[in-house]
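Here the structure is laid out as structure tokens; the discussion comes afterwards.
The values are calculated or read from the model by the stated rules, or taken from the named source; none is laboratory data. Just so it is clear, the model here is predicted, and its values are computed rather than measured. All Cβ positions, even for glycine, are placed from backbone atoms using ideal geometry, and neighbour counts span all protein chains on display.
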Amino acid sequence: MSADLHPVPDEWARTAKIDNDKYQEMYRASIEDPETFWGEQGRRITWFRDYTKIRDVSYDADDLHIRWYEDGTLNAAYNCLDRHLADKGDQPAIIWEGDEPDTDETVTYRDLHARVGRLANGLKALGVSKGDRVTIYMPMIIEAAVAMLACARIGAIHSVVFGGFSPDSLAGRIQDCESNCVITADEGVRGGRRIPLKANTDAALAECPGVEHVVVVRHTGGDVAWKDGRDVWYHELVEGQSDDCPAEEMNAEDPLFILYTSGSTGKPKGVMHTTGGYMVYTSMTHEYVFDYRPGDIYWCTADVGWVTGHSYILYGPLANGATTLMFEGVPNYPDVSRFWQVCDKHNVQIFYTAPTAIRALMGAGPDPVKKTSRKSLRLLGTVGEPINPEAWNWYYDVVGEGRCPIVDTWWQTETGGILISPLPGATDLKPGSATRPFFGIRPILVDEFGKELEGAVSGNLCITESWPGQMRTVYGDHERFVQTYFSTYPGRYFTGDGARRDEDGYFWITGRVDDVINVSGHRMGTAEVESALVAHDKVSEAAVVGYPHDLKGQGIYAYVTLMAGESPNDDLRKELVQWVRKEIGPIASPDLIQWAPGLPKTRSGKIMRRILRKIAEDDYGSLGDTSTLADPAVVDDLIENRQNRR
Ligand code: WT7
């Protein structure tokens, strides 16, 4: 047995819902007869009107459509709340832990149901109705969850925008889906620092005349500007509203939410998820991947502004009647023990975070971990980027003390839920591998021509069959959906990732093969950063690539050509970093800027990113053929001047 194989512990094989035999049996059934398999799994959700059709899918570009349970009707909020009231009304649904260690709040299913009902009625009173798009720009507070569920309850489509995005980014997302209502807070607070959410919203709305209502949660009590007639305090809106708001009967294929994500070209895409299949898939994956057992306290550290927050803080866990912990703060405030202190304080069994957080905490050494107990922990998870074996081992040995399996879950905003991951009672673990496909998922590796590769091999990762949690379209741009995911390899969903399959059939995700970079588990399109840079009046051209970064996984490396007459200097460098932060948000800040008198281009004017990536990675030996460049000398200059990057 290889030293880096961690077999399933006996106790897990005995007690988990799925052991290896069961995995094999269910996986085979899910692939051989998906209709029967998904027909049965659909029963985990409460339907108002039962479905008779299970799936209707075509990956053919001319007739691309994905429909699951299409004649069933349901409501996502009803599934997350009402159906648990009879037996779990007094059980905590959400445990909220604030930024400051002495702030927390527990909300039972009954409380949460009432709070969602009041806001849902409040939104209705403002005129929000089924099919309307509501933008949610919130800190990690209970009202964020209430807002999402209130939208779901009345059939409004939520679009959550991460609170770290700039006013411009917020405005672009509001305009794209034509929201007429925004829900926000006065301010957010993370690591003791305040984030002016209402002020950002005001700035964004200068460009969004279609927004009629802004609902504002008073959270920090900070000063805010007010626009009478448009702005309304959350607490005033819900005051006097009934707890009772009938759950709108939605079709399985009615949209539940839109979530914007970066692609390799153009503006962020509005990934659209629908109701029935998404609820079935998130509920099922949450139960099996985390082996959720009644009474467990489950904590996913993501922000609700990302898909992980949607699927695995909110919809999956609540559909399962779980207790989900929501954390407002950051891993290193007040100090680097915080995560583990929160685990002890709330008795957390299942803990799910990002490799970037683990790497950052690993840098502080084992003592801050060891001074906490963590005896409640049973299972650990990661998501968002490949986890390097060193970080995996530290997570396993130091945090989990060798007791807790780690589920390395691979998925995407587009997939709605986890597609490749170990199941803790079934899968022997290999540090750094997301291991095997979930039920119903058929991952394949293809070469650049789309030929399927067999055996132990590396290639581009595609999925051949549909699954219920899959995105249905790009909001307002179905053609872009077809082009982005189904045109590179016709008849298959192309993930944009590269992967290796080993001799045991385990998958090792190697990272994006397109012009998307993964910074601390957050996706950033290089094109977006480039267009922010060239919007600065001293910049003539910019090319952005990713490079290996110890903490972030990938860092943002920008080659910048200045306008004639401008000269490079450190003040301008700082100004450009600030500029990108302001244009997009702090997550898009370039880590390194290299002044580039010229960029390597083909004679037809196309920037050769391959070469820029190699220089950024300090890998000059294999630049490949540069003879087709319009001006090969540019490359020598970039290599020579790379010391200038900062
Ligand atoms: C991209 C999707 C899915 C929620 C968070 C990110 C990368 C995600 C893993 C993993 C290796 C991973 C992929 C993917 N990724 N999880 N376990 N191992 N890479 O969602 O922003 O849509 O990003 O994140 O490159 O394509 P996202």
- Message: For the condition out of contact with any Ser or Thr (no Cβ under 9 Å at 6 or more places or on another chain) and closer than 25 Å to Leu237 by Cβ, what is the one hit in Asp111, Asp102?
- Response: Asp111
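Say we look at region 404-417 and pick out the residues that are part of a loop (DSSP other than H, G, I, E, B), within 19 Å of the chain's Cα centre (by Cα) and more than 8 Å from the ligand (Cβ to nearest atom); which of these is farthest from Arg501 (Cα to Cα)?
Filtering region 404-417 for residues that are part of a loop (DSSP other than H, G, I, E, B), within 19 Å of the chain's Cα centre (by Cα) and more than 8 Å from the ligand (Cβ to nearest atom), the one farthest from Arg501 (Cα to Cα) comes out as Gly416.
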- Considering Leu170, Leu119, Leu126, which residue is touching a helix residue (DSSP H, G or I) at 6+ places or on another chain (Cβ under 6 Å), over 27 Å from Met524 (Cα atoms) and either of a type in the set (A, V, I, L, M, F, W, C) or surrounded by fewer than 24 Cβ atoms within 10 Å (Cβ to Cβ) (or both)? Leu119
- Tell me which of these Pro431 doesn't satisfy, since it passes every other one: (1) within 14 Å of the ligand (Cβ to nearest atom); (2) outside any loop (DSSP other than H, G, I, E, B). (2)
- Could we say that Ala76 is in contact (Cβ under 8 Å) with a residue 40 or more places away in the chain and surrounded by fewer than 20 Cβ atoms within 10 Å (Cβ to Cβ) here? no
- Query: Would a scan of region 87-105 turn up a residue that is surrounded by fewer than 16 Cβ atoms within 10 Å (Cβ to Cβ) and closer than 30 Å to Glu253 by Cα?
  - Reply: yes
- Within region 550-559, identify whether any single residue is closer than 27 Å to Gly172 by Cα and among the aliphatic types (A, V, I, L, M), and answer yes or no. yes
- Message: Could you check region 271-287 and list, in sequence order, the residues that are within 16 Å of the ligand (Cβ to nearest atom) and either more than 17 Å from His65 (Cα to Cα) or over 18 Å from the mean Cα position of the chain (by Cα) (or both)?
- Response: Tyr281, Thr282, Thr285, His286
- Task: Name the one entry in Thr52, Thr46 that is in a loop (DSSP other than H, G, I, E, B), in contact with a helix residue (DSSP H, G or I) (Cβ under 8 Å, 6 or more places away or on another chain) and over 16 Å from Trp467 (Cβ atoms).
- Result: Thr46
- Query: Only one residue in Arg28, Arg67, Arg83 is of a type outside the set (Phe, Trp, Tyr) and in a strand (DSSP E or B), so which one is that?
  - Reply: Arg67
- Those residues of region 633-646 which are surrounded by 14 or more Cβ atoms within 10 Å (Cβ to Cβ) and in a loop (DSSP other than H, G, I, E, B), in sequence order: Arg645
- Scan Ala247, Ala252, Ala225, Ala322 and give me the residue that is surrounded by fewer than 19 Cβ atoms within 10 Å (Cβ to Cβ) and among the aliphatic types (A, V, I, L, M). Ala225
- Residues of region 443-465 being closer than 21 Å to Met279 by Cβ and either in the same structural domain as Ile174 (by the TED database) or among the aliphatic types (A, V, I, L, M) (or both), which ones? Ile463
- Message: Which condition from (1) surrounded by fewer than 17 Cβ atoms within 10 Å (Cβ to Cβ); (2) away from the ligand (no atom under 16 Å from the Cβ) is the one that Arg500 breaks?
- Response: (2)
- Item | Filter result (closer than 18 Å to Ala76 by Cβ and within 16 Å of the ligand (Cβ to nearest atom)) within region 232-270 | Phe257, Ile258, Leu259
- Restricting attention to region 431-471, which residues are of a type in the set (Val, Ile, Thr) and under 20 Å from Tyr288 (Cα atoms)? Thr435, Ile441
- Task: Answer yes if at least one residue in region 445-459 is in contact with a strand residue (DSSP E or B) (Cβ under 9 Å, 6 or more places away or on another chain), surrounded by 17 or more Cβ atoms within 10 Å (Cβ to Cβ) and of a type outside the set (A, V, I, L, M), and no otherwise.
- Result: yes
- Task: May I ask you to list pairs of residues, at least six apart or on different chains, whose Cβ atoms are under 6 Å apart, with the first in region 527-538 being at negative phi and the second being assigned to a helix (DSSP H, G or I) and modelled with pLDDT of 95 or more?
- Result: Val529/Ala588; Ala532/Val580; Ala532/Glu583; His536/Trp579
- For region 354-403, which residues satisfy the criterion of being assigned to a loop (DSSP other than H, G, I, E, B), within 15 Å of the ligand (Cβ to nearest atom) and among the small types (Gly, Ala, Ser)? Ala354, Gly384
- Could you tell me whether region 306-321 includes any residue that is more than 16 Å from the ligand (Cβ to nearest atom) and part of a strand (DSSP E or B)? no
- Of all helices (runs of 4 or more DSSP H) completely enclosed by region 510-621, which ones contain at least 3 residues that are hydrophobic (A, V, I, L, M, F, W, C) and within 15 Å of the ligand (Cβ to nearest atom)? none
- Message: Take Arg436 and tell me if it is more than 10 Å from the ligand (Cβ to nearest atom), touching a residue at least 60 places away in the same chain (Cβ under 8 Å) and basic (Lys, Arg).
- Response: yes
- Task: Return the only residue of Gly624, Gly553, Gly605, Gly565 being on the phi > 0 side of the Ramachandran plot, of a type outside the set (Ser, Thr, Tyr) and surrounded by 15 or more Cβ atoms within 10 Å (Cβ to Cβ).
- Result: Gly553
- Query: over 20 Å from the mean Cα position of the chain (by Cα), surrounded by 24 or more Cβ atoms within 10 Å (Cβ to Cβ) and under 30 Å from Tyr109 (Cα atoms): does that describe Val214?
  - Reply: no
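So that you can scan it fast, the table gives a plain yes or no per residue for (1) over 26 Å from Thr274 (Cα atoms); (2) touching a helix residue (DSSP H, G or I) at 6+ places or on another chain (Cβ under 8 Å):
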site	(1), (2)
Trp467	no, yes
Thr473	no, yes
His478	no, no
Phe486	no, yes
Pro490	no, yes
Asp504	yes, no
Met524	no, yes
Gly553	yes, yes
- Task: Any residue in region 391-416 that's farther than 20 Å from Trp508 by Cβ and of a type outside the set (Ser, Thr, Tyr): show its pairings with residues that are at pLDDT 95 or above and assigned to a helix (DSSP H, G or I) at Cβ separation under 6 Å, as long as the two are six or more apart or on different chains.
- Result: Val398/Val369; Val399/Val369; Gly416/Tyr278; Gly416/Tyr281
- region 528-550, residues that are farther than 19 Å from Pro586 by Cβ and crowded, with 18+ Cβ neighbours inside 10 Å: Val539, Ala543, Val545
- Message: One residue is enough: does region 437-454 have a residue meeting the conditions part of a strand (DSSP E or B) and in contact with a Lys or Arg (Cβ under 7 Å, 6 or more places away or on another chain)?
- Response: yes
